[in-house]
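The values are calculated or read from the model by the stated rules, or taken from the named source; none is laboratory data. In this text the structure is predicted, and so the values were computed from the model without any measurement. Note: ideal-geometry Cβ built from the backbone for every residue, glycine included; neighbour counts use all protein chains shown.
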Ligand SMILES: O=C(O)CCC(=O)C(=O)O
Ligand SMILES: [Fe+2]
């Protein structure tokens with residue numbers, strides 16, 4: 001890869017070729033992460049909710065079943081045109097492909113040293129959940145996309161919440177455009193191996209994540225205790241349940257571990273929208289007795305960061321929240 005474009009990644013690759021890759025290629029430590037099977041996520045057409053009552057009920061049932069049994073689903077006909085997604089994607093590609101030094105010198109990269117994470121927050125947040133200072137870069141399609149994706153997140157959250165508790169105002173009162181954020185990812189090719197994590201196994205800490213991945217794919221999730229590859233559907237948006245919804249639903253909806261493997265030859269792009277509650281919203285199971293103790297999203301984020309520092313992983317809800 002062009003040295004000018006990727007200096008921090010190049011450093012990281014050096015380390016990989018000396019250490020982890022040997023282990024990866026020896027097929028032992030990491031073997032379990034490399035899925036052999038590819039499956040389609042449950043596919044739902046969201047337009048069905050606007051048809052007759054039977055279609056609408058069936059559509060909602062499919063969404064709720066997928067949230068319980070998979071923690072993941074894919075939505076088509078969701079009211080976000082492929083045109084908006086592809087316009088945002090081309091802006092993303094253009095922005096990320098600028099030479100590294102230009103991005104760094106123009107202070108587009110607002111990063112702790114050694115980090116290659118470059119995050120775009122839509123709104124100035126009162127709380128910086130990821131310990132990185134948010135910065136904004138004006139992409140003309142972002143607001144258009146964000147308005148639509150937020151509405152869709154709210155609609156899905158409503159369907160999932162009402163399935164459990166009847167009318168619920170929790171998400172409409174506590175998940176606002178200003179508490180959500182968008183992250184655009186670029187996974188550069190990793191020349192040394194195709195068995196390298198682009199993003200390590202993790203569980204999202206939000207209510208819902210709405211993801212669009214490009215045609216490179218390589219997203220994997222845990223299904224029935226096994227890693228499986230997610231079959232590509234470029235027309236679909238992928239939805240997954242985060243820890244907050246798992247806690248709110250008292251474990252009925254599942255937040256599921258997932259990862260991305262880098263490609264050895266081609267770069268990969270994705271756009272992820274994190275549908276979150278306000279930092280001080282108290283996440284409490286919709287019913288008693290609850291499996292998890294109640295907590296604020298702020299408190300939870302702090303715990304996630306501490307766990308990540310001390311264990312190298314996001315420990316999720318399992319340890320101190322029961
Ligand atoms: O890039 C992807 O496809 C997945 C990203 C992801 O899982 C995340 O940002 O939490
Ligand atoms: Fe994720």
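Numbers at a glance
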{"read-out": "Condition met for residue 185 (crowded, with 19+ Cβ neighbours inside 10 Å and modelled with pLDDT under 95)", "value": "yes"}
{"read-out": "Among (1) farther than 17 Å from residue 39 by Cβ; (2) touching a residue at least 12 places away in the same chain (Cβ under 8 Å), the one test that residue 228 misses", "value": "(1)"}
{"read-out": "Top-ranked residue in region 270-296 [being in contact (Cβ under 8 Å) with a residue 60 or more places away in the chain and over 19 Å from residue 210 (Cα atoms); ranked as surrounded by the fewest Cβ atoms within 10 Å (Cβ to Cβ)]", "value": "287"}
{"read-out": "Failed condition for residue 254, given (1) part of a loop (DSSP other than H, G, I, E, B); (2) farther than 15 Å from residue 66 by Cβ; (3) in contact with a strand residue (DSSP E or B) (Cβ under 7 Å, 6 or more places away or on another chain)", "value": "(2)"}
{"read-out": "Residues of region 268-302 classified as more than 16 Å from ligand 2 (Cβ to nearest atom), under 30 Å from residue 236 (Cα atoms) and in a helix (DSSP H, G or I), total", "value": "1"}
{"read-out": "Criterion violated by residue 152 - all others in (1) more than 26 Å from residue 251 (Cβ to Cβ); (2) away from ligand 2 (no atom under 16 Å from the Cβ) satisfied", "value": "(1)"}
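This table checks each residue for (1) under 23 Å from residue 73 (Cβ atoms); (2) part of a strand (DSSP E or B); (3) within 16 Å of ligand 2 (Cβ to nearest atom); (4) in contact with a helix residue (DSSP H, G or I) (Cβ under 8 Å, 6 or more places away or on another chain).
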site	(1), (2), (3), (4)
246	yes, no, yes, no
259	yes, yes, yes, yes
304	no, no, yes, no
314	yes, no, yes, yes
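For every residue, the table says whether it meets (1) modelled with pLDDT of 70 or more; (2) more than 23 Å from the chain's Cα centre (by Cα); (3) surrounded by fewer than 17 Cβ atoms within 10 Å (Cβ to Cβ); (4) over 20 Å from residue 188 (Cβ atoms).
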position	(1), (2), (3), (4)
41	yes, no, no, yes
69	yes, no, yes, yes
74	yes, no, no, yes
79	yes, no, yes, yes
94	yes, no, yes, no
103	no, yes, no, no
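Residue-wise test of (1) more than 12 Å from ligand 2 (Cβ to nearest atom); (2) buried (at least 17 other Cβ atoms within 10 Å of the Cβ).
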| position | (1), (2) |
| --- | --- |
| 199 | no, no |
| 212 | yes, yes |
| 229 | yes, yes |
| 234 | yes, no |
| 239 | no, yes |
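Let's see how each residue does on (1) away from ligand 1 (no atom under 14 Å from the Cβ); (2) in contact with a strand residue (DSSP E or B) (Cβ under 9 Å, 6 or more places away or on another chain); (3) under 21 Å from residue 301 (Cβ atoms); (4) free of Cβ contacts under 8 Å to residues at least 40 places away in the same chain:
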residue: 191; (1), (2), (3), (4): yes, no, no, no
residue: 202; (1), (2), (3), (4): no, yes, yes, no
residue: 205; (1), (2), (3), (4): no, yes, yes, no
residue: 211; (1), (2), (3), (4): no, yes, yes, no
residue: 216; (1), (2), (3), (4): no, yes, no, no
residue: 232; (1), (2), (3), (4): no, yes, no, yes
residue: 268; (1), (2), (3), (4): no, yes, no, no
